[in-house]
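The values are calculated or read from the model by the stated rules, or taken from the named source; none is laboratory data. What you see is a predicted model, and the numbers here were worked out from it, not measured in a lab. So basically every Cβ, Gly included, is an ideal-geometry build from the backbone, and we count neighbours across all protein chains shown.
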Amino acid sequence: MRPPVILLLLGFLLPASQTFAFKANDFKTCAQSGFCRRGRALSARALAAGSSWRFPYSIDPSSILLAPDQASFTASVKSALYPEVNFGLDVRLHDDGVVRVRMDETGGLRKRYDEAANWALVAPPSISRDIVWKVGKGTVHAVYGEKKNIEVVVEFDPLRVTLLRDGVEQVVLNDRGLLHMEHFRTKDDTKPVTIQDGEGEAQTTLQLNNRAWFEGEEQDAWWEETWSSWTDSKPKGPESLSLDVTFPNHRHVYGIPQHATNLSLPTTTGPDAGYTDPYRLYNSDVFEYLVSSPVSLYGSVPLMHAHNAKSTVAIFNAVGSDTWIDVGRTESGTETHWISESGILDVFLLPGPTPTDVFAQYTRLTGTAPLPAHWALGYHQCRWNYVSSDDVRSVQRRLDDENMPVDAFWLDIEYSEGHKYFIWDKKNFPDPVEMIKDVEALERRMVIIVDPHLKRDSSYPVYKAASDLESLVKPKSGSGEYEGWCWPGSSSWVDFFNPKSWDMWVSFFKTKSVDGRWSWTESTENVGIWNDMNEPSVFNGPEISMPRDNVHYGGWEHRDVHNINGMLFTNQTYNALMHRSDPPKRPFVLTRSFYAGSQRFGAMWTGDNVGTWEHMAIGIKMVLANGLGGFGFGGSDVGGFFGNPDPEMLVRWYAVGAFSPFFRAHAHIDSKRREPYLLDEPYKSMLRDVLRLRYAMLPVWYTAFREMSATGIPILRPQYVVFPEDSEGFAIDDQFYVGSSGLLVKPVTTRGATSASVYLSDPQIYYDYFTFHTYPAPAKKVARGRTVTVPAALHQIPLLIRGGSIVPTRERPRRSSALMRNDPFTLRVALSSDGSAAGEIYLDDGEGYGYTNGEFVWRQFGAETKKGGWGKGEELKIWSKDWARQGGSNDVVVYNPANAFANSVSGVRMERVIVVGVGSRPTVVSVNGGSTVEWEWQGGIGYGATTESKAGVLVIRDPAVGIASDWQIAVVF
Amino acid sequence: MYSWLFLAILPLPALSVLDKTHGVPPSLVAKYAPANSASGAGQTWTCLDGSKQISWNAVNDDYCDCPDGTDEPGTSACPNGVFFCKNAGHIGSTIPSSRVNDGLCEPECCDGSDEAPGACPDTCKAVGEEYRKKAEAERKLRKTGSKIRASYIAFAHKEKKRLEGALVDLEQEIATREKEVERLTDIAKRTESLSAKELERKKQSPLYQSLLTHHTALKSLQHDYKKHTEREKVLGEILDALRTGYNPNYQDMAVLEAVRGWETLAGLPHINNVRKGEDEDSAAAETPQSPQEDKKEDEEDGLWSAERTERELNKLLNVDHVTLLLEHEKVVGEPSSHSILLDVTAYLPDSFIPPYLAFRENLLSWLELLGIKAGSSDTSSEANRARQALSDAEHSLKLTRDELQTAHEDLSDIFNAEGFGAEGEWKKLDGLCLEKDMGEYTYEVCLFDEARQKPNKGGSSFSLGKFTSWNKLAEPGTPEYYTRQRYTQGAKCWNGPQRSLELILTCGTENVLLTVSEPEKCEYQITGTTPALCLPVEEERRDEL
């Protein structure tokens, strides 16, 4: 029941003390969610029963059927609770060693939702051709791996699946006997068994429930379920899925984004639990979310990594419904419990054994992020809202006046008339195409928002088309159009599960109308698209989303597909942009909601954060966690969406943004304007420096994006990913490495800081990126890491370059990234403790798909110190060689060093080589064994240094060697 | 604006043959020469800030050597450099070095010298012509505008004279009125002393005492009633604003509930239906139902309507109780002894007797008319009249003094740099109201007074603020100072700040508003033109020199 209106009115008149706060009442706790309550109660009963706990599920040995490839088998599963119900098990071994375990109810009253993996997976996985299941007496098992040290064992009774490496248990399914698939039943079936006892009038009714030991006494929320003012009709009754996953030997688990919490997930069960509720995956539009909480946020990736010093494994649970995950710690490992509202069991065991292997295994399943448009790595200027086309022009002009680089200007919802997306509000945007072209004249781009809710207005062609095609989400009746409340008021939602909507969506984005159909002629082929509110956010719906009994294409309920819904929206937008021009340009789509596989369709951001130091700090952890979940192209709103950050906070936040894969400043409509040119000095110049640093480092970022697109390794790499054996680093989540560049960043997220502590895992020399101050390698005997203190006044960013790295930059400030395309490069060669270094650069046209035909430049840089090469002293050689041909990656299929792109940059040179860690003055520097070039040596200590001091730096002046050609520079001492 | 370039592939090393003075402004060309006469590699050059000596060959070689960026005037090598383009046929211009060789032809460099030779066309002839045309048009506009401005200045001088004259008049008037007050004070004092004693006795009547209590009670109730009515009105306005301005901001269903609750209470149709109907102009469907209910209430128990209550209540409260007391006596008791009032003349100065008698006749006939006269007057009402006359005179005096004060202030503002400008050019525009129809709203700015946002489809208008200051970021008296006006302390936004407005003005031949925007919530920006900003053209030229 809703409180009477009059009470609300009174409440409205009272001072609003909670104006800025997370509204916990808008979202369910586990205790308010029927199936989660049942799941947790089940686990509590198991815990109480201890060793006497019985496991109801078992495999019928006689049913085992090995597929002809012998890498897959199926079997019947029985539940002791319901002997009459049939379940089918399907276990497959992929050729990369991933194990897929599927279980579904067979011959039931209805069909469980089994399409989650279809949306998540990039392609059907290839089944192994050489791994063979062996059927034994009580088990089916397989041994594989190069060293034949991986073993998968499927036990019959009870049903249990174990993955072992070198005889050590890595991950176990149903180790605790919490596996439970609630089968479909009718309401009549579920009347308690009644036994009448006694005689005559003294009859007593005894209710006997012989499954209560497992399922509990009550039929808790099996059917209709009411929460707050909403009632979920639950026409299918109970259908939840409970599964326990144990990592017996891994005490750190990561992943299951998106949550505002530590990277190494705190526990949710046990006496020292970090949180009382389980982690939840149920895509939600959470207003001003808490900075440490297990509540669900905008996106869900049901992937969990487990890590120890010897191995990393992961499980991917392909489920699209509301899912709660308890995490508990055992003496030597971690136990988790996954409780989902609906869907089949479809779990992938990723055997690792390194973090890198897990990234590869996961992205082989769900796909890697495509190489983004180069401009998308620049600085994005956004606000809710730039109010007119002249406002946009003015923001552009003022950034240019201040020589602050920027690549994209964004328009939030107010560009549209009555929040009818695509339809310009001509009062304020009378000349949209001219405005977009004014931005594009500086080779910048505009990104414009298009949300999934459509204003129910038959004069709105987008709504009309979707309505005519009957491709809108339906209410629980299964017919008509679901009507909810969002920005435009009364709205309906496109059902992107309906294939009919796909072609429609493509046609909308055409800049020229095709076959007289409505299309967005008032746009250009370069416009990027921002997909927001795709959880979906419904203002008057339960948990600010759709009712779970809404109906999607194929008759599936919203509850079955909720977490997948947001991904399909960006999938189709991405597809539409891909089809917008011929030849296609790389689409840019930003999404708020996401699911496993969303990385294939663009970038994400961490939603509506708040301008506080805590939110700045948690944003970093969230971006790191999303990277582990395959979605590395992310960032959080610089400055915080809500509130008015002071200049100090803003300067620090820009530094955070400059080291995020996606770098966008955004602000709420109620906040003061805070574009970087509005700040007073010295802050304004600090922001300009940060922006320029980002642009100088674009070659590093782009190269890291290439690597992520090929390998799935995230761009921002937390400590444990780079040093998986250093247990001291497992919980570190406030510093990270940028790709393979050797750059280590620790953004400052506290007020008044003047220094920062940076943890270094490896016995390697590090240099301050800006001052070349040395952090020498410890004596070799010391195996443990070390903490160093790095200056971090407001104008400084704790940024170290690891000895042994070569970092390419472009240091000429330009207005946009595209205008740097002919600029020369600077190389920073940071010599390692043994005097060597390596690095790489990847370049292409940044916009089209020529790179898939080998049109790119991919170089490896190297440096090596030799003793006595020239008869006396040392010789240092620095070189560039083609890397596409020489083993950079197996992914390069077509490549010709003289390709069109390489030719276009053949005039682009290396203008400066800075060698860091040169301890003595050279005598001569020559290029390609011939001409000598000018150089300057700034005295300091060399790479073998054992003290903190300033490193000696050799600046080689304009060696005039090409970025796309082979060369060698010799430094003779 | 910018023309696109196809990439020109440059041989390595790039730009090796660039002229050493490429990109150097004429004033510095002399400094771009080698320091010594030695030829070839031996020649040196010193950075313009004197910080470093470099090889002459290193000037304009596309590598930054000087910390001040002066060794690369013609390339983009130095991040802090500037580039000069000659723009022969037009006016020379500088751009940051970061815009040199970036593939775009800068509009500032119509000669195309900012990019590789041949990459950008030389458009200086056309650009120069266009520029001169524009400058001429601008000059003409200024000239016309400045004539109008001169008329404003003349107005200010006239106004000054008028005010000065008014000051003299007002001061005289004050002197007269002061005397009048003095005289009436005297009369009142005397009248009161005569009647006071008798009156005090009569006031002891329980009926009179009760009347006083009733009066106080009624007054208190009226006070409370007004307070509540006012409060309800404000709440109604807040809720109306919420209802019409409601955006499901914060996704807050509580707000929606509040809107719906208000609509039910106030008998309004649901705003969403009204909005839906907007296109079909059916917003008229919005007919409040509440008045009918009010009528029904009126008829109950013969009670007064709200309107009548207000009217009658004021009348009741304004009744002079002393008069009433005396009239009461006339009705219930026998005629009292000979009234002092009728003998008042005995105490009046001779010169005042005739007007007094006339006044008394009037008063008595008025009383007769109302049927409450008793053929004779009495002391207390006479005292009342005297008091009233005094109070009226005092009030008039105060008004005149205020008028004088205002006239003084106006006079000092006219030629005040922080007021109507040093030349008084803004005085003419004081209180001038300008309007701009933006579709949904009409924006009205009454200069130096108040700005308002008025909905075109009905509903209450909101103050965007009252004039508070000129451009605070500029020195008073400078032209820049008068280009911006701040209006602040407007109506408060729901869940936001008080509305405010920045009015940005430029020279134009008319006083007109051009654009309206809201760059931040509830902070408006309106642009417009006014002749008051059109400085005489000659003066402008002097400034430029």
The one condition in (1) closer than 20 Å to A:GLN860 by Cβ; (2) away from every other protein chain (no Cβ under 14 Å); (3) out of contact with any strand residue (DSSP E or B) (no Cβ under 6 Å at 6 or more places or on another chain) that A:ALA970 fails to fulfil: (3)
Looking at (1) at pLDDT 95 or above; (2) under 18 Å from A:ASP285 (Cα atoms), which is the only condition A:TRP485 fails? (1)
Can you name every residue in the stretch A:373-400 that is more than 10 Å from chain B (Cβ to nearest Cβ) and among the charged types (D, E, K, R)? A:ARG393, A:ARG397, A:ARG398
If you take the residues in the stretch B:66-83 that are more than 50 Å from the chain's Cα centre (by Cα) and within 11 Å of another protein chain (Cβ to nearest Cβ), which one is surrounded by the fewest Cβ atoms within 10 Å (Cβ to Cβ)? B:THR75
Given B:ILE95, B:ILE91, which one is away from chain A (no Cβ under 11 Å) and among the aliphatic types (A, V, I, L, M)? B:ILE91
Quick check on the stretch A:102-125. Is at least one of its residues surrounded by 14 or more Cβ atoms within 10 Å (Cβ to Cβ), farther than 30 Å from A:GLU224 by Cβ and either of a type in the set (S, T, N, Q) or over 33 Å from the mean Cα position of the chain (by Cα) (or both)? no
Regarding the stretch A:874-882, can at least one residue be identified that is assigned to a loop (DSSP other than H, G, I, E, B) and modelled with pLDDT of 65 or more? no
Go through (1) surrounded by fewer than 18 Cβ atoms within 10 Å (Cβ to Cβ); (2) under 21 Å from B:LEU242 (Cα atoms) and name the single condition B:PRO476 misses. (2)
Do any strands (runs of 3 or more DSSP E) lying entirely in the stretch B:428-481 carry at least 1 residues that are more than 17 Å from B:ASN511 (Cα to Cα) and of a type in the set (Ser, Thr, Tyr), and which ones are they? B:441-446, B:462-470
Residue list for the stretch B:413-453, restricted to those being among the aromatic types (Phe, Trp, Tyr), farther than 12 Å from B:GLN485 by Cβ and in the same structural domain as B:SER500 (by TED's automatic domain parsing): B:TYR441, B:TYR443
Looking only at the stretch A:516-529, decide whether some residue is away from chain B (no Cβ under 14 Å), not hydroxyl-bearing (Ser, Thr, Tyr) and not in a loop (DSSP other than H, G, I, E, B). yes
Confirm whether A:GLY803 is at positive phi and among the small types (Gly, Ala, Ser). no
Residues of the stretch B:439-498 that turn out to be in contact with a helix residue (DSSP H, G or I) (Cβ under 8 Å, 6 or more places away or on another chain), hydroxyl-bearing (Ser, Thr, Tyr) and either in contact (Cβ under 8 Å) with a residue 60 or more places away in the chain or within 14 Å of chain A (Cβ to nearest Cβ) (or both), as a count: 2
Would you confirm whether any residue within the stretch A:738-751 is in contact (Cβ under 8 Å) with a residue 60 or more places away in the chain, in a helix (DSSP H, G or I) and not acidic (Asp, Glu)? no
Using the structure shown, decide if B:ARG486 is of a type outside the set (Gly, Ala, Ser) and either assigned to a loop (DSSP other than H, G, I, E, B) or within 30 Å of B:ARG183 (Cα to Cα) (or both). no
Say whether the condition of being at pLDDT below 85, in a loop (DSSP other than H, G, I, E, B) and away from every other protein chain (no Cβ under 14 Å) is met by at least one residue in the stretch B:204-217. yes
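One line per residue, one yes/no per condition, for (1) in a helix (DSSP H, G or I); (2) under 26 Å from the mean Cα position of the chain (by Cα); (3) surrounded by 24 or more Cβ atoms within 10 Å (Cβ to Cβ); (4) within 13 Å of another protein chain (Cβ to nearest Cβ):
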{"site": "A:GLU811", "(1), (2), (3), (4)": "no, no, no, yes"}
{"site": "A:ARG815", "(1), (2), (3), (4)": "no, no, yes, yes"}
{"site": "A:LEU827", "(1), (2), (3), (4)": "no, no, yes, no"}
{"site": "A:SER832", "(1), (2), (3), (4)": "no, no, no, no"}
{"site": "A:GLY835", "(1), (2), (3), (4)": "no, no, no, no"}
{"site": "A:GLY839", "(1), (2), (3), (4)": "no, yes, yes, no"}
{"site": "A:ASP845", "(1), (2), (3), (4)": "no, yes, no, yes"}
